[in-house]
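The values are calculated or read from the model by the stated rules, or taken from the named source; none is laboratory data. All values derive from a computational prediction rather than experimental measurement. For neighbour counting, all protein chains shown are included, and Cβ atoms are generated from backbone atoms with ideal geometry for every residue, glycine included.
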Amino acid sequence: MSNAEAADVRTAVPSPVTAPPAAVAAAGPEEGHPARWWILAVLAAVAFMAQLDLFIVNVALPVIGHSYAGSSLSGLSWVLNAYAIVFAALLVPAGRLADHFGRRRFLLAGVAVFTLASAACAVAPTLGVLVAARALQAVGAALIVPTSLGLLYPAFAKRQHAMVVGIWAGVGAVAATAGPPVGGLLVEASWRWIFLINVPIGVVTLLAGLRVLPEVRAVAGSRLPDWISAVLVLASVTLLVLGTVQGPSWGWGSASTIALLAVAAVVITLTVLRTLRHPHALIERDLFTSRPFTGATVALFLFFIGFAIFLLSVVLFLQDEWHYSVVRSGLAIAPGPAVSALFAINAGRIRARFGRLAPAMAGTLCMAAAAGYWILFSSASPDYAAGFLPGMLIGGISAGLTQAPLYAAAGTLPPDRATTGSAVLNMARQVGSAVGVAVVVVILGTGAAHTVAAFHHVWAAEAVAGLAACLAIAVTRNNRA
């Protein structure tokens, strides 16, 4: 690398296409980046695209199986598992490297990878090709999600952070809850549309991002993370999520599951020790000196155990117990995303009125309340208005209230660690989601499977997760939160 190139990497010299942090300073700390609203639009679009694919495929899985003769349920499950494992494992390494080499660069690379992988999914001739393309999709998503939040903070004045993070998190909440209804509608045409629809969105956002996104990277002289801790983080997350998603099919008491989870526990222990002892560990111990960040990480893990239970259980309940079609199930769920968006977009106003912690705690309690409502009022006889809809609306409020203030905890970190912090928060989310899905499978896999009583047990687990998340927020609060 020449001296000129090195100078450009370290100081992010302005260019007509990429406006660096210096441009933000020139605009004034109270105003933020001149193109901040365009930046928000691009980042919200790519975050929506990446988050939607976490959930949209679930409803299409049976239809996908019909396209590949001889495919087994265990083979089909890897359409979901490959994405979940790769995405969770790469979030933190991608976020940390993006902080070092440039968030804009990593995000645009992620959009390109995700778009190409989506096209490959849409035309996959065999199940093996589809699974491989899904894993590649997850690589792109891991580059996109933490960097989108990491680019958002520097573009806006600090007084606007609650509002814009609320919009960003609201987009993610809508993507998660909109997955089943959108997937149900697209599957009516062809399951391949759930992937093909990403291609034009990806192309447009890539072109827009090239033009408006600023570059943000670590200060000159910063070191790359310790490679041993990076390998340990990758291994620990991969082993833990793999054991969680395979446990139901292998059997939780099988030698394979026990051995895999035991190895995961050992590697996680080594990861924690390396993090505590090495000054340049991939996940720096200094991140957790922020009590709001620590609490948000734990709370997101617990909240998304419940949220995954919420999303999967309602689809299964509507289709298996009430015998709704895929499309009808999607429409029945649709009020949830609408309410979620309404609350999340107004996160800034809600925070100004009630502070950061109260909305998050109220949101986690709403999750428990939604589960409690279904336990009390759902039955084998379909009664959408009285037995289902109120719980769905309360669940939408939960998603809209909770996510924005928890993700905003990344803003309590130093500016050059916002992307790494976002990656840690999203990793907690993904591991929690994998655990939540496993909880549903374990409970519905018992002798009482797919009865109203079994679903009541599932919702009881959801309520416990919501209450535990609320407790995590409460015990890690500080006086300034």
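Residues in region 219-244 that are surrounded by fewer than 22 Cβ atoms within 10 Å (Cβ to Cβ) and among the hydrophobic types (A, V, I, L, M, F, W, C): how many?
11
Picking from Ala120, Ala142, Ala169, Ala124, which residue would you name as being assigned to a helix (DSSP H, G or I) and over 17 Å from the mean Cα position of the chain (by Cα)? Even if it seems obvious, please write down each step before you answer.
Working: Ala142 fails: over 17 Å from the mean Cα position of the chain (by Cα); Ala169 fails: over 17 Å from the mean Cα position of the chain (by Cα); Ala124 fails: assigned to a helix (DSSP H, G or I).
After applying the criteria, what remains is Ala120.
Which residue pairs have Cβ atoms closer than 6 Å, lie 6 or more positions apart in sequence or on different chains, and pair a first residue in region 109-136 that is assigned by TED's automatic domain parsing to the domain that holds Ile64 with a second residue that is aromatic (Phe, Trp, Tyr) and part of a helix (DSSP H, G or I)?
The qualifying pairs are Ser118/Phe195; Cys121/Phe195; Ala122/Phe195; Val131/Trp78; Arg134/Tyr83.
Spot the failing condition for Thr446; the list is (1) modelled with pLDDT of 80 or more; (2) surrounded by fewer than 18 Cβ atoms within 10 Å (Cβ to Cβ); (3) polar (S, T, N, Q), and only one is missed.
Here Thr446 clears every test but (1).
Criterion first (assigned by TED's automatic domain parsing to the domain that holds Ala189, within 20 Å of Asp53 (Cα to Cα), surrounded by fewer than 19 Cβ atoms within 10 Å (Cβ to Cβ) and in contact with a helix residue (DSSP H, G or I) (Cβ under 6 Å, 6 or more places away or on another chain)) does Val327 satisfy it?
Details: assigned by TED's automatic domain parsing to the domain that holds Ala189: yes; within 20 Å of Asp53 (Cα to Cα): yes; surrounded by fewer than 19 Cβ atoms within 10 Å (Cβ to Cβ): yes; in contact with a helix residue (DSSP H, G or I) (Cβ under 6 Å, 6 or more places away or on another chain): yes.
Taking the combined requirement at face value, the residue satisfies it.
Yes or no, residue by residue, for (1) surrounded by 15 or more Cβ atoms within 10 Å (Cβ to Cβ); (2) in contact with a helix residue (DSSP H, G or I) (Cβ under 6 Å, 6 or more places away or on another chain); (3) not in a helix (DSSP H, G or I):
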residue	(1), (2), (3)
Ala259	no, no, no
Ala262	no, no, no
Ala265	no, no, no
Ile268	yes, yes, no
Arg274	yes, yes, no
Ile283	yes, yes, yes
Phe293	yes, yes, no
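Within region 24-41, is even one residue part of a helix (DSSP H, G or I), at pLDDT 70 or above, in the same structural domain as Gly102 (by TED's automatic domain parsing) and of a type in the set (Gly, Ala, Ser)? Give the steps one after another, and end with the answer.
So in region 24-41, the residues part of a helix (DSSP H, G or I) come out as 24-27, 36-41.
Cutting the leftovers down to at pLDDT 70 or above gives us 36-41.
This time we only want the ones that are in the same structural domain as Gly102 (by TED's automatic domain parsing), so: 36-41.
Still in the running and of a type in the set (Gly, Ala, Ser): 41.
Looking through region 24-41, at least one residue is part of a helix (DSSP H, G or I), at pLDDT 70 or above, in the same structural domain as Gly102 (by TED's automatic domain parsing) and of a type in the set (Gly, Ala, Ser).
Looking at the structure I just gave you, is Ala133 modelled with pLDDT of 95 or more, part of a helix (DSSP H, G or I) and within 22 Å of Ser77 (Cα to Cα)? Step through it out loud before you land on a result.
Numbers: modelled with pLDDT of 95 or more: yes; part of a helix (DSSP H, G or I): yes; within 22 Å of Ser77 (Cα to Cα): yes.
Yes, satisfied.
Just one of (1) surrounded by fewer than 24 Cβ atoms within 10 Å (Cβ to Cβ); (2) over 28 Å from Val231 (Cα atoms) trips up Ala109, so point out which.
The number of the failed condition is (2).
Any residue that is closer than 21 Å to Val233 by Cβ, part of a helix (DSSP H, G or I) and over 19 Å from the mean Cα position of the chain (by Cα) - is there at least one of those in region 100-113?
Yes - at least one qualifying residue is present in region 100-113.
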